[in-house]
Amino acid sequence: MVSAVQKEDPTRRPATVGSVDARLSVWGQASRDAAQRRAETLVEGAVLYSEKVGRSGGSLPSTEIDAASALLDVEVAPLVELAAALLPVAITQSCRLLWVDPDRLRERLSAALSAPVEAARAEVRRRQALYRRRARLWQNDQLRLNRLRDEIEAMRVPRSGAGAPERVARGLFEIHSGLPLEPAMMLVDTQLKIRPGTLARWIAQFDERIQAAEVSASGAIASLNA
C-alpha cells in the first residue's frame, strides 16, 4: 500500500528535523544579509535622486510604512516608499542652501535605517525559531514535516536586483512628478521648482541606466554558465 508521504512526491527523500534546520539556516543568513544590502540600495538610490532635485526633495509627502517589512520584501517599490518617508527629514539635516551634501545624506539615512535593519534581522530570527519549533513538534509526523520543508523552500530571500539604486531613484522621481505645485513656495523660491519636462527627462535617463545594468547582469550570468 502506498503511503500518503509517497503519494506527495515519491522521488524525494523524507524531510528530517536536521534537513529543515539546515534550510532555515541558509535562508536566514541570506535574508539577514539581504536586508542590509537593501538598506544600502535605498541609500544610494536616494542620493542619486537628491543629486538631481536638491533641496526640493524635502517636499516629498510623509507616509507611514513598516520599514522592516520593506527591507524584507522582494520588490523595489517598498524601498521607494521607505526612501520617500525618510528623505524629507534627512534632506533637511543635510542641505547647504539648495545643495544637498551627499556624504551627509548617506550618514543621515544610514543612521535612520539602523534600527529597521536590526528589526528586519530580528524578524528573520523569529521566523526561524517558529519553523524550528514546528519541526521538533512534528518530527514524528512525516507528512507535516515534508510540507513544512516545502513551505520553507518556497520562502523567498529579499532582493534588490540589477540597477536597484537607479530603480529607487526613478521611483522617487515619479513620486516627485506627482507633487502639487505650490504657488506660495514658487514665489518665495523659484529655484525649488522642477519642471515636469525635466523630471520626465531624468526618468528616461534612469530607464536607460536600468536597462544597461540589466544587460550587464545578464551578460555576467551567461559568461558564468558558459
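The values are calculated or read from the model by the stated rules, or taken from the named source; none is laboratory data. No experiment lies behind these values; they were computed from the predicted model shown. Note that we place each Cβ from the backbone using ideal geometry, even for glycine, and neighbour counts take in every protein chain shown.
Any residue that is free of Cβ contacts under 8 Å to residues at least 24 places away in the same chain and not acidic (D, E) - is there at least one of those in region 151-169?
yes
List pairs: first residue in region 118-133 and in contact (Cβ under 8 Å) with a residue 40 or more places away in the chain and farther than 26 Å from T16 by Cβ, second residue part of a helix (DSSP H, G or I) and among the charged types (D, E, K, R) anywhere in the structure, Cβ distance under 7 angstrom, at least six positions apart or on different chains.
Filtered contacts from region 118-133: R121/R32.
Look at S62 and say whether it is in a helix (DSSP H, G or I) and among the hydroxyl-bearing types (S, T, Y).
Working: in a helix (DSSP H, G or I): no; among the hydroxyl-bearing types (S, T, Y): yes.
It is false that S62 is in a helix (DSSP H, G or I) and among the hydroxyl-bearing types (S, T, Y).
Any residue at all in region 58-68 that's modelled with pLDDT of 95 or more and of a type outside the set (D, E, K, R)?
Yes, because at least one residue in region 58-68 is modelled with pLDDT of 95 or more and of a type outside the set (D, E, K, R).
Can you confirm whether region 128-149 contains a residue that is at pLDDT 95 or above, closer than 30 Å to T198 by Cβ and of a type in the set (S, T, N, Q)?
Checking region 128-149: not a single residue is at pLDDT 95 or above, closer than 30 Å to T198 by Cβ and of a type in the set (S, T, N, Q).
Quick grid of which residues meet (1) closer than 24 Å to A34 by Cβ; (2) modelled with pLDDT of 90 or more; (3) among the hydrophobic types (A, V, I, L, M, F, W, C):
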site: E174; (1), (2), (3): no, yes, no
site: P183; (1), (2), (3): no, no, no
site: V188; (1), (2), (3): no, no, yes
site: Q191; (1), (2), (3): no, no, no
site: A200; (1), (2), (3): no, yes, yes
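When the residues of region 48-65 are filtered to those that are of a type in the set (V, I, T) and without any contact (Cβ under 8 Å) to a residue 60 or more places away in the chain, which remaining residue is farthest from A164 (Cα to Cα)?
Checking each candidate, the answer is T63.
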